[in-house]
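Below you'll find the structure, written out as structure tokens, and then a few comments.
Each reported figure results from applying straightforward, stated rules to the coordinates on display, with no laboratory input. This structure is a prediction, so every number in the text was calculated from the model and none was measured. When we count neighbours, we look across all protein chains shown, and the Cβ atoms used for this are built from the backbone with ideal geometry, even at glycine.
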Amino acid sequence: MRRKPLGKLGEKLALKQLKNNDYQILERNFRSRYGEIDIIAQEGDVLVFVEVKTRTSRKFGPPEEAITPWKIERIIKTGQEYKNLHPNSPEAMRIDVVAIELSSSGETEKTRLIKNITD
């Protein structure tokens, strides 16, 4: 599966996972000069920046291992930019990950919601 369709499928599955866990979706693919956040949501009174990682193989480890400290720093800076543009959003913020593993034919094998990856 090519990268772009894989990412779109992963985001679609992530949205379903988040909605099933009572997240309110606020925005998708928010971009700033610092980078992009796949999904911005709210869970209760917490603003959540969600990174979606989708893989069809564990050759390089599970999907969530692809989130580097550099990527986390970019999400934080982009999240701060979002917060500046939306001052009425919740004060509490965190970064969650939806890790999705697919078979080579595109069937969902595992979906994990990992809350607060910076803890």
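Observations on the model:
- Taking 7 Å steps out from each Cα toward its Cβ at Asp45 and Leu85 produces label points 2.6 nm apart.
- Total formal charge among the other residues, if their Cβ is under 11 angstrom from that of Ser89, Lys/Arg +1 and Asp/Glu -1: -2
- The calculated 222 nm mean residue ellipticity attributable to helices in the chain amounts to -10000 deg cm²/dmol, summing -39500 (n - 2.57) over DSSP H runs of n ≥ 4 and dividing by all residues.
- Taking Cα centre as origin and charging only the Cβ of basic (Lys, Arg, +1) and acidic (Asp, Glu, -1) residues, the dipole magnitude of the chain rounds to 620 debye.
- Of all lysines in the structure, the ones whose alpha carbon falls short of 16 Å from that of Lys19, not counting any fewer than 8 places away in one chain, are Lys115.
- Loop trypsin sites (Lys or Arg not before Pro), the range 17-119, which have at most 16 other Cβ atoms in a 10 Å radius of their Cβ (DSSP): Arg33, Arg58, Lys59, Lys115
- For the range 3-114, alpha-carbon Rg relative to the globular expectation (2.2 N^0.38 Å, N residues): 1.05
- Only Cα pairs under 8 Å and 6+ residues apart enter the sum, and on that basis the relative contact order of the chain stands at 26 percent.
- All Cα-Cα separations within the range 12-75 were binned at 5 Å from zero, giving a P(r) of 4, 16, 24, 22, 21, 11, 2, 0, each value a whole percent of the pairs.
- For the chain, the antiparallel share of DSSP beta bridges with both residues in that region comes to about 65%.
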